[in-house]
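Structure first, then comments.
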Amino acid sequence: MPAAVGVPAVLRVPAFRNVWIGSVLSNGGTWFQAVAAGWLVLQITGSATMVGLLALAYRAPAFLLSTWGGKLADRHDWRRVGLITFSIEAAGALALAALAFAGHLSVAAIFAATVVMGAAFAVGLPSVLALVPALVPTPKLQEAVALNAAGINVARAVGPLLGGVVLAVAGAGWCFVVNAASFLALVVALLAAPHVQQGSKAPERLRTALRYAFGDRAARRLLTGMFLFMLFAGPMQELAPVVARRVGGGPVALGFILGAMGAGALLGAWLLQVLSRRGLPRHMAIPVATLAFGASLAVVAASPVLWLTVAGMLAAGSFWIWILTLTNASIQLSSPSTLLGRMLGFYQLSVITPIALGSVAFGALAGAVGIGWSLGLASLALLAWGAFTITHPVADIDRDIRTIRS
C-alpha cells in the first residue's frame, strides 16, 4: 500500500504513533495547568519572585531524582515506570481541581501539588525518552525525536492559548481537570504500547556514566550547552505572566505570548528538517540557534507592546526547538546502549535544573530592576555563549555510533 501523502513515515509505526498522540495531549494539558497556576500565584502574591519559585517547585525534584530516573530506565520496564509516574501527575492535577472547586485552593496547595508532580516527572521522563528509540527503526530516530519535539510545541502553541481562555471563562479548576485528563490519555497510550526488550547487557554504574559524560567531548559540550541555554532561556517562558502584565495583558494575552513560542517552534521544526536534509551539521546548527534565540530574547526584553512581544516569542520558539531536538537526538545517537538511560537522565537534569535556577534568579532580578532588564541580561549571556560555541565547534556531536556498529 502506498504511503499516505504528507504523513511522516515514523507515524506509520502504530506503537510510536499512539504514544506520540498521548504525549501531545499530555503536554497540552500541562500548559493549561501552567497558565492557571502561574497566573493564580501572581494574582495572589503580586510577586515575580513567587512565579519563579513555582517553576523551581516543579523542577527542584530533578536535582535528586533525575539520575535515579535514569537508573530506573536502565534497569526496569520503561512502560511500567511511565504508567506509575504519569498516574501520579494525574492525581496531583485532580487534587488541585478539587481544591479549586471547593474554594480552598491556596498558594501553599499549588506549591505542594507542583512538587509532587515534579517528582513524578523527574523519575519518569528518562524511561519515556528511552522508549522512543525502541519503538522506531534507528534511521528514523532523529525524525522521531524531531516529531516528539514538534508535538510538544503543538501543545505549546495551542495549550497556553486555550488555557488562558478557559481560565478567563471557566476558572482554574477546569484547567486542572483538563491536565488530569491529558495525563490519563498518555497512560492509556502506554498501556497499549508493546513490551520492549531492553537488551541483555547489564547497565553500567553511575560512576561509569559520569566518567563518560565528562570525558567525551561531544557529551560534555551537549550537556554543558543545554544547561547554559536553559539557565538563560528558560526564564522567558517561566516568567511569561510577568511579561504579560508589563504589556497590560491578562490571561488571554498570556496565552497568546506562550502560544506564539509554540507556534514558532512548529516553524522551526520544519526549517530544521529542511536544512538537515540539505546537510546542515548538528554541531553548527546548535550554536546558530543559540545566537538567534539570544537575539529574539532581546526583542522580548525591550518590547513595550503585546504584538512585538508575540513576534519575539514566535522567533524565539523557532530556535528553542532546534536546541532541544538536536541535543536530544545527538545524545541518543552517540551514547552507548548500556548508558542510554543514564545519559538521558543527565540530559533531563541539564534541562530541568537550570530552568528552575534561572527562573528564581531572574524572577528575583525582575522584582528588583524590572522584567526588561532581567531578560536583557539573559539575552546577553546567550549571545556570548553562542559566539563561543560557533568559534569553538565540536564536530564529534555529529557522530552516530549505531551506524558505525552496523
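Okay, here's what the table says:
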{"quantity": "Among residues of the stretch 376-406, those that are over 16 Å from R220 (Cα atoms), part of a helix (DSSP H, G or I) and either modelled with pLDDT under 95 or of a type in the set (K, R) (or both), counted", "calculated": "5"}
{"quantity": "Counted residues, the stretch 361-384 - those being surrounded by fewer than 18 Cβ atoms within 10 Å (Cβ to Cβ) and touching a Lys or Arg at 6+ places or on another chain (Cβ under 9 Å)", "calculated": "2"}
{"quantity": "Residue list for the stretch 34-74, filter: basic (K, R) and surrounded by fewer than 24 Cβ atoms within 10 Å (Cβ to Cβ)", "calculated": "K71"}
{"quantity": "Tally of residues being among the polar types (S, T, N, Q) and under 15 Å from L65 (Cβ atoms) across the stretch 340-391", "calculated": "3"}
{"quantity": "Selection status of L11, hydrophobic (A, V, I, L, M, F, W, C), modelled with pLDDT under 85 and part of a helix (DSSP H, G or I)", "calculated": "yes"}
{"quantity": "Selection from the stretch 237-294 of residues that are among the β-branched types (V, I, T) and more than 23 Å from G159 (Cβ to Cβ)", "calculated": "V274, I286, V288, T290"}
{"quantity": "Test: T30 is closer than 21 Å to L340 by Cβ, part of a helix (DSSP H, G or I) and under 21 Å from the mean Cα position of the chain (by Cα)", "calculated": "no"}
{"quantity": "Close pairs from the stretch 358-373: first closer than 14 Å to A301 by Cα, partner crowded, with 23+ Cβ neighbours inside 10 Å and among the polar types (S, T, N, Q), Cβ under 6 Å, at least 6 apart", "calculated": "F362/S374; L365/S374; A366/S374"}
{"quantity": "Filtered residue count, the stretch 75-132, keeping only those that are of a type in the set (F, W, Y), farther than 18 Å from A181 by Cβ and buried (at least 21 other Cβ atoms within 10 Å of the Cβ)", "calculated": "1"}
{"quantity": "Hits in the stretch 325-375 (condition: at pLDDT below 90 and not in a helix (DSSP H, G or I))", "calculated": "S335, P336"}
{"quantity": "Only one of G22, G29 that is buried (at least 22 other Cβ atoms within 10 Å of the Cβ), closer than 17 Å to L167 by Cβ, modelled with pLDDT of 85 or more and out of contact with any Asp or Glu (no Cβ under 9 Å at 6 or more places or on another chain)", "calculated": "G29"}
{"quantity": "Pair list, Cβ under 8 Å, 6 or more apart: the stretch 245-271 residue at positive phi, other residue surrounded by fewer than 20 Cβ atoms within 10 Å (Cβ to Cβ)", "calculated": "G248/L306"}
{"quantity": "Given (1) touching a residue at least 12 places away in the same chain (Cβ under 8 Å); (2) farther than 30 Å from A120 by Cβ, number of the condition I352 does not satisfy", "calculated": "(2)"}
{"quantity": "Extreme residue, modelled with the highest pLDDT, among residues of the stretch 62-106 that are under 18 Å from S23 (Cβ atoms) and of a type in the set (V, I, T)", "calculated": "I88"}
{"quantity": "Residue satisfying condition, being surrounded by fewer than 21 Cβ atoms within 10 Å (Cβ to Cβ) and small (G, A, S), within set A329, A311", "calculated": "A311"}
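The values are calculated or read from the model by the stated rules, or taken from the named source; none is laboratory data. Note that the coordinates shown come from a computational prediction; the quantities given were computed from them, not determined experimentally. Ideal geometry is used to build each Cβ from the backbone, glycine not excepted, and the neighbour counts take in all protein chains shown.
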